[in-house]
Amino acid sequence: MDVFELRNRLVEDYRRYAESFLTISDERIREHVEQELDQGLLWPEPALQLNPAFAPGGSIDDLVSRGDLHPECSRIFRVGKDSGPDSRGDELRLYRHQADAIAAARSGGNYVLTTGTGSGKSLAYIVPIVDHVLRVRDAEGSAARPRVRAIVVYPMNALANSQEEELAKFLKNGYPSGREPVTFRRYTGQESEEQREEIRSRPPDIVLTNYVMLEYILTRPYDGPLIRAAEGLSFLVLDELHTYRGRQGSDVALLVRRVRDACRASSLRCVGTSATLAGSGSFAQQRTEVADVAQRLFGSPVDPENVIGETLQPATDDVDLRDPVFQARLRERVAAGTAPVTYEETIADPLACWIERTLGVEREEQEGRYRRCTSRPMIGPNGAAARLAAVTGLEEETCARALREALQAGRQARRTGARFPVFAFRLHQFFSGGAEVSASLRPERERCISTSGQLFVPGSREEILLPLAFCRECGQEYFPIRVREGSDGRRVEARAISDTSRIEGEQVGYFHYSSTHLWPEQTSDIVDRVPEYWLETGAAFLRDSARKWLPRPM
């Protein structure tokens, strides 16, 4: 699939849909709106970004062989398992940040994982939780009563539902029904009363919930069995930690403290995950900042060393973009327009190397770590094509074509046995629901037309711009207004077309200004300008009930 072509088709479909509601009779306004649409008024150029490559961190089997994980984890955490009881799948390899998180969990302290989308954050707490459940069960024996060992809190039910499906791949697939090594249940308010009663009577090892439902569990008497089953709770996970800000953050911080008290969890380990939490500054400064925020939420210390970030690495050959020799090779490659085919050709391709260091990862000068590049559009003054054109001296259109071809080629190329290709890139396309057209009160050929949301004509603080509304049938433009009569005279204000509210002494309506098509004074001429249903049946004069709708001069 060509994602660029897919994007173009989506834009074309949305434009046809948007224009189906748009009828504009005034030629200048229509041309202005069409020009703005051509320039991306409702669909700006998409932002382009590569999913970076993460540094490897060994495998689950490696950790099991070293004694860092329970032996059963080798059977649980495998990829490609199906629902069959004997399915084994393939070895699960970890990223370095996942392995670091598992090590942080073994230390017994609180920790936070701040890595980007698609980095497998959930494994950073699921693996330690499952390992803990297995070890405790071995120590207590088969006679131990069911206990809730971990509660995972999500900000939205959709995330809990998704995680439930992912957990089933590890904890259910490959095991006979009813003989799963670790149990889990969703308890978010979507369940039937029968399901909730089953969960209360047979508590699972892991509960997936949201913070509102967790509040209910703490306060509702009939959820008491679940809280009693969670006595000595070992893990409390807050997924998407960055969503808990302001008042909501205070509520969740107090909730964590109440959970610790209600469950008598003196050794509770709190875990947080977030793709975006820290501000600017060095990685060390960011870790300190995140540790401070997490400590306030958790109500217990968080060591900055236990704030785990992503460790990135380039997938292509190491190059210096400023090297004149490399720039000459890059220009020759873009001018030739021949995309690589094999994995080996792709990672050595000068254009692929340039793309990864412009849209994927860049090295921090201070600490030498790789960090994600800021996304940028393909086309435009700050676009990738413009930057490539500045380096190579070639036409921007040539550069854009070469970039699209290289990205598509990188999406196909992968090393033998690798899970991901060289380039896993994304297009972030935003679609606006609409834009307001405004105009000044001047004759048609002179008035200023704008879709930028300005209140005044550019360069003036006196001449106002008023929003326009258009007749759905003929496209005639009108200014939606509110008229207020007061002791100081008449005041006219612009209003939103949907705002028809008014107080005593106000009127709402539409103002029409035309220098060429004046409203007639003669009744016989007026009849030709009004809808037929305003007229008496079979007669050429107005209904009495329609006279209140006739325009009045202002």
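The table for this structure:
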item	result
Structure-based [θ]222 nm, the chain - -39500 (n - 2.57) summed over DSSP H runs of at least 4, per residue, nearest 500	-10500 deg cm²/dmol
Percent RCO, i.e. relative contact order, over segment 162-281, from Cα pairs under 8 Å lying at least 6 residues apart	22 percent
Dipole magnitude of the chain about its Cα centre (Cβ charges: Lys, Arg +1; Asp, Glu -1), debye to nearest 20	1740 debye
Shape of segment 49-191, Cα gyration tensor, a/c cut at 1.5	rounded
Segment 177-229: trypsin sites (Lys or Arg not before Pro) in DSSP loop, at most 11 other beta carbons within 10 Å	Arg179
Apportionment of accessible area to carbon and sulfur, segment 206-274, percent (1.4 Å)	51 percent
Three-way shape label, segment 506-554, alpha-carbon gyration tensor, a/c 1.5	oblate
Length added when fully stretched, Arg28-Glu397, from 0.36 nm per residue minus Cα-Cα	129.8 nm
Long-range HN-HN contacts of Gly57 with modeled amide H, under 5 Å	Leu94, Tyr95, Arg96
³J(HN,Hα) computed for each position of segment 424-432 - Karplus, 6.51 cos²θ - 1.76 cosθ + 1.60, integer Hz, glycine/proline x	10, 10, 10, 10, 9, 9, 9, 10, 8
Within straight-line cross-link reach of Lys172, lysines at Cα separation under 26 Å, skipping those fewer than 8 residues along the same chain	Lys81, Lys121
Contact order normalised by residue count of the chain, Cα under 8 Å, 6+ apart, percent	16 percent
Top positive-direction residue, dipole computed over the chain with Cβ charges, set Val483, Ala158, Phe184	Phe184
Rounded tilt (10° steps) of 96-106 against the dominant C-alpha axis of the chain	60 degrees
Centroid-to-centroid separation of segment 225-297 and segment 490-554 [C-alpha atoms, Å]	61 Å
Of the GluC sites (Glu not before Pro) in segment 158-236, those whose Cβ has at most 13 other Cβ within 10 Å and which sit in DSSP loop	Glu231
Probe 1.4 Å, accessible area per residue of segment 385-513, Å²	61 Å²
Calculated semi-axes √(5λ) of the Cα gyration tensor in Å (choose from (i) 57, 37, 22; (ii) 37, 30, 25; (iii) 45, 30, 22), label	(i)
Accessible surface, 1.4 Å probe, highest first, among residues Ile497, Ile76	Ile497, Ile76
Beta bridges by DSSP in the chain, antiparallel share as percent, to the nearest 5	60 percent
Segment 453-554: relative contact order as a whole-number percent, Cα under 8 Å and 6+ apart	16 percent
Residues whose placed amide H lies under 5 Å from that of Ala315, excluding near-sequence neighbours	Ala53
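The values are calculated or read from the model by the stated rules, or taken from the named source; none is laboratory data. Just so you know, these numbers come straight off a predicted model, no measurement behind them. Ideal geometry is used to build each Cβ from the backbone, glycine not excepted, and the neighbour counts take in all protein chains shown. Just the protein is used for accessible areas: all its heavy atoms, side chains included, with ligands, DNA and RNA removed. Shrake-Rupley method; radii C 1.70, N 1.55, O 1.52, S 1.80 Å.
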